[in-house]
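Trainee: Can you keep this structure in mind? I'll have questions shortly.
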Amino acid sequence: MADERNNEIEETKIQGVNGPITGWLDGHTILVGFMAYPIRHTMSPTMHNKAFAKLGLNGAYLCVEIDNEKLPGAIDAIRPLDMRGSNVSMPNKKKVIPYLDKLDKTSQMCDAVNTIVNEHGILSGYTTDGMGWVRALP
């Protein structure tokens with residue numbers, strides 16, 4: 001299967017500095033992830049990394065292809081890597097729940113999580129799909 005990713009580094013202006021986005025990464029970079037399987041089709045890193053750059057935020061949004069088998073290790077890695085959190089997509093939205101410390105009410109009702117937030121080692125699960133859909137209505 002051919003790798004369809006575009007690996008070109010786009011020149012972006014970050015706080016008055018012209019250069020590739022990857023030139024901005026350092027020891028203070030905030031890591032955010034996206035876990036799904038399959039994932040190679042997603043445009044999420046492009047969208048989020050451009051938003052970080054436009055806002056002058058020192059962050060990096062990384063996609064990791066994670067199926068149910070690899071999920072426990074991937075969730076466990078959020079704490080020691082000090083990631084701010086991760087988005088979660090199929091097939092992991094239900095399977096991720098046992099590995100989290102807290103769930104918001106919507107996630108409890110839906111029995112699904114699409115966003116994990118790491119707050120000082122406490123992993124909280126949220127479901128934002130429904131609210132995003134409602135806010136998009138005219």
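Trainee: Looking at Arg5, is it at pLDDT 90 or above, among the basic types (Lys, Arg) and loosely packed, with under 15 Cβ neighbours inside 10 Å?
Mentor: Working: at pLDDT 90 or above: no; among the basic types (Lys, Arg): yes; loosely packed, with under 15 Cβ neighbours inside 10 Å: yes.
In short, no.
Trainee: So, Leu25, is that one modelled with pLDDT under 95 and not acidic (Asp, Glu) or not? Spell out how you get there, then give the answer.
Mentor: Details: modelled with pLDDT under 95: yes; not acidic (Asp, Glu): yes.
It is true that Leu25 is modelled with pLDDT under 95 and not acidic (Asp, Glu).
Trainee: I'd like to verify a number: residues in segment 37-57 that are open to solvent by less than 50 Å² (accessible area, probe 1.4 Å), more than 20 Å from Ala112 (Cβ to Cβ) and outside any loop (DSSP other than H, G, I, E, B), how many? Even if it seems obvious, please write down each step before you answer.
Mentor: Residues of segment 37-57 open to solvent by less than 50 Å² (accessible area, probe 1.4 Å): 39, 42, 44-45, 49, 51-53, 56.
After this cut, where a residue has to be more than 20 Å from Ala112 (Cβ to Cβ) as well, the list is 45, 49, 51-53, 56.
With the extra rule that they be outside any loop (DSSP other than H, G, I, E, B), the set shrinks to 45, 49, 51-53.
Qualifying residue count for the region: 5.
Trainee: Determine which member of the set Gly130, Gly125 is touching a Cys at 6+ places or on another chain (Cβ under 8 Å) and among the small types (Gly, Ala, Ser). Lay out the reasoning, then the answer.
Mentor: Working: Gly125 fails: touching a Cys at 6+ places or on another chain (Cβ under 8 Å).
Being touching a Cys at 6+ places or on another chain (Cβ under 8 Å) and among the small types (Gly, Ala, Ser) holds for just one of Gly130, Gly125, which is Gly130.
Trainee: Report, by residue number, each residue of segment 58-92 that is open to solvent by 40 Å² or more (accessible area, probe 1.4 Å), in a loop (DSSP other than H, G, I, E, B) and either under 23 Å from Met47 (Cβ atoms) or touching a residue at least 12 places away in the same chain (Cβ under 8 Å) (or both).
Mentor: Once the filter is applied, which keeps residues that are open to solvent by 40 Å² or more (accessible area, probe 1.4 Å), in a loop (DSSP other than H, G, I, E, B) and either under 23 Å from Met47 (Cβ atoms) or touching a residue at least 12 places away in the same chain (Cβ under 8 Å) (or both), segment 58-92 yields Asp67, Asn68, Arg79, Leu81, Asp82, Arg84, Met90, Pro91.
Every residue, every condition in (1) at pLDDT 95 or above; (2) in contact with a Leu (Cβ under 6 Å, 6 or more places away or on another chain); (3) of a type in the set (Gly, Ala, Ser), yes or no:
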residue: Thr42; (1), (2), (3): no, no, no
residue: His48; (1), (2), (3): no, no, no
residue: Glu65; (1), (2), (3): no, no, no
residue: Asn68; (1), (2), (3): no, no, no
residue: Val96; (1), (2), (3): yes, no, no
residue: Asn118; (1), (2), (3): yes, no, no
residue: Gly125; (1), (2), (3): yes, yes, yes
residue: Thr128; (1), (2), (3): no, no, no
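Trainee: Inside segment 93-129, can you point out the residues that are open to solvent by less than 30 Å² (accessible area, probe 1.4 Å) and among the hydroxyl-bearing types (Ser, Thr, Tyr)?
Mentor: Ser107, Thr115, Ser124, Thr127
The values are calculated or read from the model by the stated rules, or taken from the named source; none is laboratory data. This is a predicted model, so every value here is computed, not measured. Positions of Cβ are backbone-derived with ideal geometry, glycine not excepted, and every protein chain shown enters the neighbour counts. Accessible surface is based on the protein model in full, side chains and every heavy atom, while ligands, DNA and RNA are left aside. Shrake-Rupley method; radii C 1.70, N 1.55, O 1.52, S 1.80 Å.
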